[in-house]
């Protein structure tokens, strides 16, 4: 094997392997010109890359100057900043593995040549409606895979590495163990999937073996022409999703094309919807319902791993997940939102009724208070009732009152006498 193959053998994770291989080929393409015709590299083309890297190392080049020019070329070629930084790291690690160390001061100089900024592709929002639309255009394996990703927070490489030993379909919610050798950080963790994803997964498992037989027969022609290696025996492939990263990416691309959502960013040429957004969907939606620490832990963000192990048990994390599971449901959330709207309208109508009833109660209380005042007055002067009942009665007649000279007193029902001049 050549230097490139020896280096890539250090990275057994399929996704990391592909990224590092792409990074090394990018340097060769810059140095010697493109060595492949299509997007996917063939065995013959890989052999060219292998040979050219070996020749480059044997030519005793000026590694530092080449590295600086390589970084500057990335900026002039309008390569996305994130991609350029990844290529920088990959080439630096490859040189270090060959015993070629670049000084820290020089690495800083090289970094200044890289494109500025962060992610350049303008993404389209991946909300429930968009994801539901995409799922409708997926085949059974794509639906199972992408609903699993959306409801678990896993990276696609982690999901493709899952075996039957890593998943417990009887657990509530479905429990998934992610082994350290398959994670980006090397840390093992666990997560869950929604009942909606479970249903899709169960249906996929019903046809999984038939799919593998069909895929093996389809692959025979590529093997005969040297474009692909032999697939593992069906009985030996215990992966839940027994296909490569490219198959997953093709399934996603087909779905966005068929759904009419194939917009590309004008700057990078990449689709505005991509698989990694499923992790963002998981993070943003679940964090609306449960503590963000648990969400970050389930996603495998290293800063939360140790803390979550210490603070929460698996049972507690599962209970939290179940509380927020509805936020991850692609189909059920639409019905939930409708019910929430109807409930909100009903609550508003009830609120109006309550306001009206409160106003009535306040009016009744004022009337009752007035009545209490009247009753208190009556209690202090009980003759008032008798006078009101019998205006001609003795309580309304003034007795033993002698009229003044020149005047006479006329008795009136009113308790207060009215005096008329003679």
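Of all residues in the range 142-170, those being touching a strand residue (DSSP E or B) at 6+ places or on another chain (Cβ under 8 Å), in contact (Cβ under 8 Å) with a residue 12 or more places away in the chain and not in a helix (DSSP H, G or I) number 6. Evaluated against (1) loosely packed, with under 15 Cβ neighbours inside 10 Å; (2) at pLDDT 90 or above; (3) within 30 Å of residue 45 (Cα to Cα); (4) over 22 Å from the mean Cα position of the chain (by Cα), residue 266 falls short on exactly one condition, (2).
Does residue 324 qualify as being assigned to a loop (DSSP other than H, G, I, E, B), assigned by TED's automatic domain parsing to the domain that holds residue 132 and at pLDDT below 95? Against the criterion (assigned to a loop (DSSP other than H, G, I, E, B), assigned by TED's automatic domain parsing to the domain that holds residue 132 and at pLDDT below 95), residue 324 does not qualify. Residues in the range 282-321 that are surrounded by 16 or more Cβ atoms within 10 Å (Cβ to Cβ), modelled with pLDDT under 80 and out of contact with any strand residue (DSSP E or B) (no Cβ under 9 Å at 6 or more places or on another chain): 304 alone. Within the range 53-68, can one find any residue that is at positive phi, without any contact (Cβ under 8 Å) to a residue 40 or more places away in the chain and in contact with a helix residue (DSSP H, G or I) (Cβ under 9 Å, 6 or more places away or on another chain)? No, the conditions are met nowhere in the range 53-68. When the range 84-123 is filtered for residues that are part of a helix (DSSP H, G or I) and either modelled with pLDDT under 85 or over 22 Å from residue 8 (Cα atoms) (or both), the ones remaining, listed by number, are 104, 105, 106, 107, 108, 109, 110, 111, 112, 113. For the range 101-108, state whether one or more residues are surrounded by fewer than 20 Cβ atoms within 10 Å (Cβ to Cβ) and in the same structural domain as residue 244 (by TED's automatic domain parsing). Looking for residues that are surrounded by fewer than 20 Cβ atoms within 10 Å (Cβ to Cβ) and in the same structural domain as residue 244 (by TED's automatic domain parsing), one finds none in the range 101-108, hence no.
The values are calculated or read from the model by the stated rules, or taken from the named source; none is laboratory data. Keep in mind that this is a model prediction, so the values were computed, not measured. Cβ coordinates were reconstructed from backbone atoms using ideal geometry, including for glycine residues, and neighbour counts include every protein chain displayed.
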